[in-house]
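Below: one structure, written as structure tokens.
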Amino acid sequence: MSTTRPLIDEGRQLWPRGSQERGVESFYQHGVEHYADYHGGMLNFGLWTGEVRDYRTASKNLMRRVAASIGLEPESRLLDVGCGMGAQDVLLADELGCRSIDGLDVTWKHVVTARERAKTAGVEDRVRFHHGTAVALPFPDSSFTHVLSVEGAEHFDTRERFLHEAFRVLVSGGRIALTDFSMSRPPRTTFERLFAELARRGWHVPRENVDTAEGFRAKIGGAGFRDVRIEEGGEEVIPGYYREGRKPENIRAMYAIRGVLVTHVGLWIDALVYHLFRRGILEYVFVTARKR
């Protein structure tokens, strides 16, 4: 895989055949042309607290929690890695008025959609989107006060390389927030090992990214970060998202957007994640840290 950093003002990147970037882009690009307004363009699992029963509210709740965890404010210069279709960045621009937000995603169709979203919202002067890889960020050292990645780092090749890159582009005292997945315990039975491996391969997660919380903590510290905090949040995230995906109206909508085959692959992966969580193998975590 090439690690040459493309210039920020370049457009689409062409990922090498067999690369992690190409595989992830192929997985996520299906149906994007029809997906931009579905669920408001949000792609995260959502934070299903209290009486929350609808996805748009849950997904915005999750982004607000992440933003609050690292103190995003009007003077922040934010990098969002794995930004999806940009809806979460437009939300943060509207609600927090960050000085600047740069979103980066490996899927070109996401970037095109995100740019259109920012233009429509009238925030394109301070919310910009780039096509690139998380492990060779196309930005100078000390460019940002904050970095976040919501449910993206499990796909990066590898998460550890991304953490070093995030450290590089943060200013001294800058903060990082991730929502991610960790292993609570190793699979014990043949079926558990099979489920875990199917989920990993189907969701394009490199084997090196399969970490326990302590392994996760060690990699964050090894990248240079301090004040590492890891909080479990699976019970307020995974079941709600799983139930949402099983609603008949959502399945019908996804058939029209992504096709029957891709929809069923997604539902199958969601089911594996849910059952691994219920068996106490997989956990959803909120992670914050600081660059000294």
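The values are calculated or read from the model by the stated rules, or taken from the named source; none is laboratory data. This is a predicted model, so every value here is computed, not measured. Virtual Cβ from ideal backbone geometry, glycine too; neighbours counted across all protein chains shown.
Results, tabulated for the structure shown:
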| item | result |
| --- | --- |
| Every pair of residues 6+ apart whose Cβ atoms lie under 6 Å, when the first sits in region 57-69 and is over 15 Å from R229 (Cβ atoms) and at pLDDT 95 or above while the second is among the β-branched types (V, I, T) and outside any helix (DSSP H, G or I) | A58/V52 |
| Condition check for G23: part of a loop (DSSP other than H, G, I, E, B), among the small types (G, A, S), surrounded by fewer than 21 Cβ atoms within 10 Å (Cβ to Cβ) and at pLDDT 85 or above | no |
| Options G103, G84: the member that is within 15 Å of the chain's Cα centre (by Cα), within 21 Å of F156 (Cα to Cα) and without any contact (Cβ under 8 Å) to a residue 40 or more places away in the chain | G103 |
| Which listed residue is in contact with a His (Cβ under 8 Å, 6 or more places away or on another chain), part of a helix (DSSP H, G or I) and over 21 Å from F139 (Cα atoms), from R65, R56 | R56 |
| Number of the exception - T189 against (1) touching a residue at least 12 places away in the same chain (Cβ under 8 Å); (2) polar (S, T, N, Q); (3) more than 14 Å from R159 (Cβ to Cβ) | (1) |
| Residues of region 192-215 satisfying the condition of being among the hydrophobic types (A, V, I, L, M, F, W, C), within 24 Å of L178 (Cβ to Cβ) and free of Cβ contacts under 8 Å to residues at least 40 places away in the same chain | V210 |
| Any pair with Cβ under 7 angstrom, 6 or more apart, that starts in region 148-169 at a residue that is closer than 20 Å to A67 by Cα and ends at one that is of a type in the set (F, W, Y) | E151/F45; A153/F162; E154/F181; F162/F156; F167/F225; V169/F139; V169/F144 |
| Condition check for V228: within 17 Å of the chain's Cα centre (by Cα) and closer than 23 Å to R65 by Cα | no |
| Single match in R243, R278, R258 (criterion: free of Cβ contacts under 8 Å to residues at least 60 places away in the same chain and within 19 Å of G40 (Cβ to Cβ)) | R243 |
| Selected residue (criterion: surrounded by the most Cβ atoms within 10 Å (Cβ to Cβ)) from residues of region 177-203 that are in a loop (DSSP other than H, G, I, E, B) and of a type in the set (D, E, K, R) | R185 |
| Test: S182 is under 26 Å from A271 (Cα atoms) and small (G, A, S) | yes |
| Enumeration of residues in region 173-213 that are over 24 Å from R22 (Cα atoms) and of a type in the set (V, I, T) | I176, T189, T190, T212 |
| Conditions (1) more than 27 Å from H39 (Cα to Cα); (2) in contact (Cβ under 8 Å) with a residue 60 or more places away in the chain; number of the one not met by A218 | (2) |
| Selection status of G82, crowded, with 24+ Cβ neighbours inside 10 Å, at pLDDT 95 or above, within 23 Å of F162 (Cα to Cα) and not aliphatic (A, V, I, L, M) | yes |
| Number of positions in region 35-74 that are in contact with a helix residue (DSSP H, G or I) (Cβ under 8 Å, 6 or more places away or on another chain) and under 21 Å from D270 (Cα atoms) | 21 |
| For F195: the one exception among (1) hydrophobic (A, V, I, L, M, F, W, C); (2) in contact with a Pro (Cβ under 8 Å, 6 or more places away or on another chain); (3) farther than 24 Å from V265 by Cβ | (3) |
| Criterion: at pLDDT below 95 and either under 18 Å from A153 (Cα atoms) or of a type in the set (G, A, S) (or both) - qualifying residue of Q13, Q29 | Q29 |
